[in-house]
Each structure stands twice: as structure tokens, then as C-alpha cells.
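Asks: Take a look at this one; I'll ask things after.
The values are calculated or read from the model by the stated rules, or taken from the named source; none is laboratory data. The shown structure was predicted, so the numbers you read here are calculated from the model rather than taken from an experiment. Please note: Cβ atoms are built from the backbone with ideal geometry, for glycine as well, and neighbour counts cover all protein chains shown.
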Amino acid sequence: MIKSLIKTLALISTLALSSCAAIHFENGEVVPDPEPFSFSFGMFDDELSSYDASISVRHRKWYHHAVYQTAELSNPLETSQVCVGLDWNQITTEVTPFDAVMGLLDNAIFFNAASVGLDLWSPWSIEYSCKEQH
């Protein structure tokens with residue numbers, strides 16, 4: 001009985017952590033990223049390097065929600081402020097498996113809140129890119 005319960009919980013955990021949700025917003029033709037992957041979570045200041053019409057650099061940061069994702073803690077992404085003098089190219093919001101694991105940390109730290117089913121914090125990843133204006 002216990003072995004089947006452990007197997008079921010392992011299967012449910014694996015399925016829950018292997019999924020993600022992603023929404024893509026595109027502004028015209030999407031310009032490819034010259035680097036296949038960059039991961040800073042907004043912890044480091046990403047400098048917008050020199051752009052030409054054939055490249056677009058992606059920047060990634062976290063977006064924070066609270067109380068069952070009903071309260072936004074982060075400010076909205078202002079494309080006019082992050083893409084100064086440039087057009088936004090593509091914006092992707094997603095919950096990656098890493099984001100889901102990090103979102104469970106508040107449940108481990110604040111066990112009393114988790115024991116009554118209260119989800120205090122959950123992060124999303126936002127990836128955005130800018131391109132030259134045409």
C-alpha cells in the first residue's frame with residue numbers, strides 16, 4: 001500500500017515539475033538571438049549592446065506574484081523603459097520547472113502558512129528582447 005502511494009506521489013511530482021506554461025508576444029518578425037541562451041533572472045544589469053537589424057539580445061528576469069498569484073509584487077515590464085530607442089521584439093512569460101521549485105520554497109520556509117494551504121509567493125520568468133526600429 002505504501003509503495004504504491006510513494007510511486008503515485010513520485011509520478012505526480014514528476015509530471016507537475018516537468019510542465020511549464022508559456023505565453024509569447026511578438027512585434028512583427030522575430031529577430032533571432034545571437035546567443036542561444038542567457039539566464040540572469042534580472043539579478044545582473046544587462047547592458048543593451050549595439051544592435052543591428054539582424055540581431056536581438058534576450059534578457060530574462062523574474063516576475064513575482066503573491067497569495068495564489070492574485071497580487072502582483074513586481075512592476076509591469078515597460079518596453080519603453082527597457083528598450084530605450086528600440087522596438088520590443090518578443091516577450092515571453094513562462095513558469096519553468098525551476099520557477100515552480102523556487103515557488104515551493106516559501107512553503108518549506110513558512111510551514112505554518114503551507115499547512116493551511118496558503119501560497120504566499122510564486123515567480124514567473126519574463127524573457128524580452130529589443131530590436132532596431134524600422
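Asks: In the stretch 70-81, is there at least one residue being more than 17 Å from the chain's Cα centre (by Cα), modelled with pLDDT of 80 or more and within 20 Å of F25 (Cα to Cα)?
Replies: yes
Asks: Next question, about the same structure. When you go through V57, V101, V67, V95 one by one, which is the residue that is among the β-branched types (V, I, T) and in contact with a Gly (Cβ under 9 Å, 6 or more places away or on another chain)? Walk me through how you get there before you give the answer.
Replies: On the way: V57 fails: in contact with a Gly (Cβ under 9 Å, 6 or more places away or on another chain); V101 fails: in contact with a Gly (Cβ under 9 Å, 6 or more places away or on another chain); V67 fails: in contact with a Gly (Cβ under 9 Å, 6 or more places away or on another chain).
Going through V57, V101, V67, V95 in turn, the sole match is V95.
Asks: Separate question: Looking at the stretch 95-102, can you tell me whether even one residue there is within 22 Å of F25 (Cα to Cα) and polar (S, T, N, Q)?
Replies: The answer is yes, given that some residue of the stretch 95-102 is within 22 Å of F25 (Cα to Cα) and polar (S, T, N, Q).
Asks: May I ask you to list the residues in the stretch 61-87 that are on the phi > 0 side of the Ramachandran plot and not hydroxyl-bearing (S, T, Y)?
Replies: V67, Q69, G85 - these are the residues of the stretch 61-87 that are on the phi > 0 side of the Ramachandran plot and not hydroxyl-bearing (S, T, Y).
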